[in-house]
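This report refers to the structure that appears directly beneath it.
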Amino acid sequence: MYCPNVKIIHFKKRSGRAHEDSQKQKQANLHFYQTMEIFYKKHYIDKYPRWLTTLIFLAINLKRELHISYINI
């Protein structure tokens with residue numbers, strides 16, 4: 001259904017922060033970083049050299065691991 005008068009505002013990562021349960025936070029963060037990888041593959045994988053793509057995915061994974069380990073503290 002299309003409703004032209006409806007406006008939606010997306011607040012980045014808000015749903016993951018709403019959970020008090022650390023397991024749900026971990027799951028939300030995991031999905032966030034997986035989505036970053038999917039987005040990159042969809043829009044940028046053919047635009048940059050393989051070495052840069054590898055570096056980007058390493059950075060995404062490092063950030064995810066740091067974020068998840070921070071939640072455990």
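The values are calculated or read from the model by the stated rules, or taken from the named source; none is laboratory data. Here the structure is a predicted model, which means the values were calculated and not measured. Backbone-built Cβ (ideal geometry, glycine too); neighbour counts: all protein chains shown.
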Exercise for the section: Give Ile73, Ile45 a once-over and let me know the one that is at pLDDT below 75 and not polar (S, T, N, Q). Expected result: Ile73
Completion exercise
For the range 26-55 the number of residues that are among the acidic types (Asp, Glu) and loosely packed, with under 11 Cβ neighbours inside 10 Å is 1
Exercise for the section: Report, ordered by the first and then the second residue, all pairs with beta carbons closer than 8 Å, sequence separation of six or more or different chains, a first member in the range 53-66 that is free of Cβ contacts under 8 Å to residues at least 24 places away in the same chain and closer than 12 Å to Met36 by Cα, and a second member that is in a helix (DSSP H, G or I) and not hydroxyl-bearing (Ser, Thr, Tyr). Expected result: Phe57/Glu37
